[in-house]
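Each remark here refers to the structure printed beneath this line.
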Amino acid sequence: MSRLIIFLALFGLLASSPVFSADADYLQTLTAQARAGGLAETRQWRALMHYRDNLIFPGVTGQADDPAFYLAAAGKTDPAAELEASLKAFFAPPLVETDSLQHAQCKFIARYQWLREVLNFDPHRLPPQPCPRFHAWRDALNARSLTLVFPSAYINNPSSMFGHTLLRVDGADQDERTRLLAYAINYAVGPDGDNGVLFTFKSLIGAYPGVFSLSPYYVKVKEYSDMENRDIWEYRLNFTQEEIDRLLMHAWELGPTRFDYYFFDENCAYHLLSLFEVARPSLHLTDRFRGWVIPVDTVRSLAEQQDMLTEVVYRPANNTRLRARLAELSLHERELLHALLTDAPPRTVLADVSAVRQPLLLEGAYALLRYEASEGLRDHAAAARRSRELLLARSHISAGEEGSEPPVPTPRPDQGHPTRRLALGLGREHGRDFQSLALRPAYNDLLDPAGGYTEGAQINFMDIHLRHYQNSGRVALEKLALVDIYSLAPRDDFFKPVSWKINTGIARTRLRDDERAAVFRTNGGAGLAWGGWDGAVVYGFVEATLDVGARLDGDYALGLGPSLGVFVRPLPAWKINLHARLQDYRFGDEHTEREFRLEQSVSLSRRHAIRLNLSSLRERGAERASAELAWHWYF
């Protein structure tokens with residue numbers, strides 16, 4: 001028996017040797033062809049492997065941070081070694097696929113298909129594997145078009161304060177009525193990510209794993225539009241079927257691959273662009289983004305590509321729809337809508353209202369009730385009971401006016417001003433002339449050209465201001481705003497938001513000897529605002545300020561006080577902000593500051609604006625006035 005086993009083993013070895021020898025010979029042939037054709041240096045291979053040029057030293061580095069993505073030991077930095085290792089892996093013996101096990105041809109199907117096309121694989125010498133899981137997944141998607149989705153900025157969540165992008169895969173059997181049933185490819189921090197300030201800090205150093213995921217589009221719409229009340233813009237993209245298939249193959253092979261998530265550069269917007277470059281290698285989208293990647297800028301970069309957009313669809317959030325319908329009501333109808341939110345019988349409240357207008361009031365009351373419940377302003381059980389009563393009353397009315405849809409905002413997010421800003425100015429302060437230069441990498445403030453951004457939201461990062469005083473011979477740092485966030489949300493009889501602000505960075509303060517010293521300043525506060533963006537917005541805050549510096553008494557100063565202001569837009573291109581502020585420093589370096597500031601901005605275009613700032617500051621018993629006229633260029 002043992003002799004028979006030995007004989008069969010030797011026979012199998014001899015029988016298989018020519019096959020393995022032929023495989024090895026063919027692998028060498030393909031490797032030589034790849035080297036001769038310089039495939040490792042092509043744009044397609046670099047895109048598939050997520051290689052990017054090193055900033056300082058020559059060479060490239062792969063941005064995937066999962067060791068399983070690169071098959072060669074040096075594959076993260078050696079494109080040729082990775083290509084040859086991939087070819088070798090494609091010769092692996094067939095296997096039975098499971099949820100956790102795939103043949104290399106299937107696991108890395110995008111790179112396999114590209115190399116097969118370029119090198120013209122002989123199917124007899126390198127048999128293709130069936131890849132049943134991938135084909136079932138692709139057939140279920142039945143993709144015929146791609147749509148870039150941009151949920152607008154959500155200032156109350158640090159991870160979404162600049163907005164977000166994801167990719168919807170539209171099936172061949174779907175139309176505008178069934179788009180919610182499509183699937184979306186999303187890149188984001190994994191489910192174990194934190195919230196708030198901790199998220200921002202950890203994402204600055206790449207402490208989170210970022211992964212691609214696939215989920216039903218209606219789930220994302222519910223998250224963004226219904227729960228966070230963010231408007232959604234859908235940009236239908238003009239990719240061919242071949243390009244769509246190539247992108248989906250790459251999305252499949254990325255699977256659970258980890259990329260270290262960085263808030264400012266390697267984020268959702270950046271990595272979606274890398275998918276588009278795989279689909280169409282002639283696109284050089286990621287090359288223009290180094291250091292800062294803002295979602296709206298990536299949307300703009302795609303929109304600027306010739307013939308890239310086929311259609312743009314605006315999907316207003318529930319809150320946007322609700323505000324539009326409430327705006328159609330008369331003062332008396334608004335009072336009745338408030339009454340519908342109480343326990344009074346709907347028929348009694350609407351007794352004197354025409355049957356044509358009753359549906360509008362009932363539907364508006366229902367939507368407002370659900371909004372207040374979702375915001376925690378009403379008890380959920382009580383809101384559910386009242387909602388049922390409103391819906392029951394509505395069901396008894398067959399006719400009526402329907403609330404109109406909100407108008408499509410103009411300009412679109414991709415048509416707003418670019419997020420980077422350079423400012424050059426001339427001014428005079430306390431009898432001295434100066435020239436100023438300011439640079440802001442991101443992103444938008446209240447006086448920037450209107451349109452394309454969330455009204456009343458200001459988010460500035462790394463906003464640096466330099467000044468050169470006449471005859472001083474040196475340039476001084478006037479201000480460095482590391483973070484400057486401002487949410488100015490007007491209140492009305494239905495919505496009662498709280499406005500807030502927070503900023504931190506380096507600022508200049510006057511000392512008692514009339515010298516100007518740099519301090520690290522953190523200022524924040526909460527307040528209320530009234531009005532609407534078609535007219536004036538009046539606002540007030542209670543603010544606290546902490547200054548830290550070696551030249552202050554006790555090395556710090558902590559103050560508290562109010563601020564008042566009015567924001568006016570007399571013309572679409574003309575913005576005015578009049579602001580007064582008092583800070584009484586009672587701890588550390590004791591003193592009082594009173595400031596009055598008039599800021600005006602006139603937008604010449606979406607890329608250019610002129611700004612005039614006038615201010616008067618009284619601190620430590622001395623008053624100083626300043627004026628500055630600056631040209632702002634957005635790029």
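Of the chain, which part is the longest with no trypsin sites (Lys or Arg not before Pro) in a loop (DSSP not H, G, I, E, B) and with at most 15 other C-beta atoms within 10 angstrom?
For trypsin sites (Lys or Arg not before Pro) (loop position, at most 15 other Cβ atoms within 10 Å), the longest site-free span of the chain is 291-473.
Give the cross-link partners of residue 220 among the aspartates and glutamates, using a straight C-alpha distance below 20 Å as the criterion and excluding same-chain residues fewer than 8 apart.
In chain and number order, the partners are 170, 175, 176, 192, 194, 228, 231, 234, 375.
Isolated Cys in the chain by the 4.7 Å beta carbon test?
268
What spacing in nm lies between the two simple spin-label points modelled at residue 52 and residue 587, each 7 Å away from Cα in the Cβ direction?
Rounded to a tenth, the inter-label distance reads 4.1 nm.
Can you figure out the FRET efficiency of residue 471 with residue 544, using R₀ = 51 Å and their beta-carbon distance, to the nearest 0.05?
Working from the Cβ atoms, E equals 0.85.
Want the number for residue 204 to residue 288: 0.36 nm per residue separation, take away the alpha-carbon distance, what's left?
Result: 28.2 nm gained on full extension.
Mind giving me the nanometre distance, one decimal, between the label points for residue 139 and residue 31, set 7 Å out from Cα along Cα→Cβ?
If labels sit at residue 139 and residue 31, their model points lie 3.7 nm apart.
Roughly how big is the chain's charge dipole about its Cα centre, with Cβ charges of +1 (Lys, Arg) and -1 (Asp, Glu), in debye to the nearest 20?
That gives a dipole near 500 debye.
Measure off 7 Å from each Cα along the Cα-to-Cβ vector at residue 496 and residue 430, then give the distance between these two points in nanometres to one decimal.
Roughly 4.5 nm, to one decimal.
For the range 70-207, what relative contact order do you get, as a whole percent, if you take Cα pairs closer than 8 Å and at least 6 residues apart? Before the final figure, lay out the partial values.
Numbers: 137 pairs, mean separation 19.7, N = 138.
The normalised contact order for the range 70-207 reaches 14 percent.
May I ask you to list the residues of the range 43-60 whose amide nitrogen lies under 20 Å from a point 7 Å from Cα along the Cα→beta-carbon direction of residue 305?
Residues 43-53 qualify, since their backbone N sits under 20 Å from the label point.
To the nearest 20 Debye, how big is the dipole of the range 298-403 about its Cα centre, given +1 on the beta carbon of each Lys and Arg and -1 on that of each Asp and Glu?
280
Report, to two decimal places, the Cα Rg of the range 439-480 normalised by 2.2 N^0.38 Å (N = number of residues).
In units of the 2.2 N^0.38 Å rule of thumb, it is 1.55.
I'd like the distance between the alpha-carbon centres of the range 196-251 and the range 565-635, rounded to an integer number of Å.
Taking the Cα centre of each part, the range 196-251 and the range 565-635 sit 38 Å apart.
As a footprinting exposure proxy, order 328, 117 by other Cβ within 10 Å, with the fewest listed first.
Taking fewest neighbouring Cβ atoms as first place, the list is 117, 328.
Only four residue types carry charge here, +1 at the Cβ of Lys and Arg and -1 at the Cβ of Asp and Glu. Report the dipole size of the range 117-183 about the Cα centre in Debye, rounded to the nearest 20.
The calculation lands at about 160 debye.
Which whole-number percent gives the relative contact order of the range 329-395, counting Cα pairs below 8 Å spaced six or more residues apart?
RCO, the range 329-395: 36 percent.
Taking the Cα centre of each part, how many Å lie between the range 414-457 and the range 24-61?
Using only Cα atoms to place each centre, the spacing works out to 44 Å.
Taking a cut-off of 46 Å, what percent of all Cα-Cα pairs in the chain are separated by more than that?
34
Counting pairs of alpha carbon atoms under 8 Å apart in space and at least six apart in sequence, what relative contact order in percent does the chain give?
Details: 1250 pairs, mean separation 47.3, N = 635.
Computed over the chain, the figure is 7 percent.
If you average 1/r across every pair of different Cα atoms in the range 329-395 and take the reciprocal, what Kirkwood value do you get, in Å?
The Cα-based Kirkwood calculation yields 11.8 Å.
Read-outs: derived from the displayed coordinates by stated rules, not from any lab. Because the structure is predicted, anything quoted here is derived from the model rather than measured. In this analysis, Cβ positions are derived from the backbone assuming ideal geometry, glycine residues included, and neighbour counts consider all displayed protein chains.
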